[in-house]
Amino acid sequence: MMTAKATKVCKWKWQEGGFVFEYDTAQELAKLMFENLPKVTNPYDPACTDFDNFNETLWQLQRDKGGEL
């Protein structure tokens, strides 16, 4: 009998609130932080496009949940 295992290799890691988030995109990080932290702060530089991608994803998640922006 063979057993197989697949793991995803992520490009980035971010540590906050006792969690280590492994992700490839700003959107993934926003989703992981939204699901696991009581308060989310955008870790990206405002001059970076990932700053906007993170915020847009976070706002969409908050709207979908019915929370405040």
Where does each of 14-20, 26-32 land if you order them by average Cβ count within 10 Å, highest first? 26-32, 14-20
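FRET efficiency for Asn36 and Lys5, Cβ-Cβ distance as r, R0 = 25 Å, nearest 0.05?
Numbers: r = 24 Å, r/R0 = 0.97.
Working from the Cβ atoms, E equals 0.55.
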What's the carbon and sulfur percent of the chain's accessible surface, probe 1.4 angstrom, rounded to a whole number? 53
Dipole magnitude of the chain about its Cα centre (Cβ charges: Lys, Arg +1; Asp, Glu -1), debye to nearest 20: 340
Sites Gln15 and Asp64, calculated FRET efficiency, Cβ-Cβ separation with R0 35 Å, nearest 0.05: 0.85
Once you have all Cα-Cα distances for the chain, histogram them in 10 Å bins from zero and send the whole-percent values. 19, 47, 23, 8, 4, 0
Proximal lysines to Lys5, defined as alpha-carbon separation beneath 30 angstrom and excluding residues fewer than eight positions away on the same chain: Lys13, Lys31
Could you state the accessible area per residue of the chain in Å², with a 1.4 Å probe and every protein chain left in place? 80
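The values are calculated or read from the model by the stated rules, or taken from the named source; none is laboratory data. These figures come from a predicted structure and were not determined experimentally. Neighbour counts run over all protein chains shown; Cβ positions are idealised from the backbone, glycine included. SASA here: full protein model, heavy atoms, side chains in, ligands and nucleic acids out. Shrake-Rupley method; radii C 1.70, N 1.55, O 1.52, S 1.80 Å.
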